[in-house]
Amino acid sequence: MKYDWVLWDFNGTILDDVYTGLRCINALLSRRSLPVLADTAAYRRVFGFPVSEYYERVGLDLVKEPFDDLAVEWVKEYKAAVKGAGVFPGVREAMNALHDAGIRQAVLSATQRDQLREQLIPLNLPDCLEDAIGMDTIHAASKITLARDWRAAHPDARAVMLGDTIHDAEVAEAGGMDCILVSCGHQDAQRLREVGVPVVPDVQAALALIIG
């Protein structure tokens, strides 16, 4: 078998919170009388990491308002709005299929660790995730350190990162993993194809690449 580990990104790969992301950034923009993003397509064209640069792209002024303050405001919006978000179709089935194939699984996310684990509880995912690896803070800077730490703990693992952003491809490279990106998440397919890794429409298509 090609892989013995799959590392799942969370937001936009497992959790369908794309519209939630749009609602939250538009709340911050409208509160400051700035132009809002028209729809999820517009959102997916500008979202990215580091989040500080994404904030600047949509018009937030990080000189007038520190990024840390904006992050706190965004997280407050997100926690209220995300309650309506669910799991992408096919995720549970894909997790079960990977488990049945003997492939170990974990979540590796830019979400703050405690928040990540809190969000996973009500999703009723299959009991096959061995770990939920999140950030120490709410500021969503980069998952690269998380990937390197994971690789140090699993030096012989044949792993693939399953994500939805260009940053996930960067994370995979830093962690010595392959990467598959789904285009149903926070960045559109046109942007994802720029990084030169397989881009598929959803996790079921990714599953076909992982286990055939």
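The values are calculated or read from the model by the stated rules, or taken from the named source; none is laboratory data. What you see is a predicted model; the values in this text were computed from it and never measured. Methodologically, a virtual Cβ is constructed for each residue, glycine included, from the backbone with ideal geometry; neighbour enumeration extends over all protein chains shown. Surface accessibility is based on the protein's heavy atoms, side chains included, excluding ligands, DNA and RNA. Shrake-Rupley method; radii C 1.70, N 1.55, O 1.52, S 1.80 Å.
Assorted remarks:
- Residues within the range 1-30 that are open to solvent by 50 Å² or more (accessible area, probe 1.4 Å) and in contact (Cβ under 8 Å) with a residue 24 or more places away in the chain, tallied: 5
- Search result, residues across the range 87-114 that are touching a strand residue (DSSP E or B) at 6+ places or on another chain (Cβ under 7 Å) and modelled with pLDDT under 95: Ser109, Ala110, Thr111, Gln112, Arg113
- Residues in the range 180-212 that are free of Cβ contacts under 8 Å to residues at least 24 places away in the same chain, surrounded by fewer than 24 Cβ atoms within 10 Å (Cβ to Cβ) and within 13 Å of the chain's Cα centre (by Cα): Ser183 alone.
- Given (1) surrounded by 14 or more Cβ atoms within 10 Å (Cβ to Cβ); (2) modelled with pLDDT of 95 or more, index of the condition Val63 fails: (1)
- So Asn96, is it touching a Cys at 6+ places or on another chain (Cβ under 9 Å), part of a helix (DSSP H, G or I) and polar (S, T, N, Q): yes
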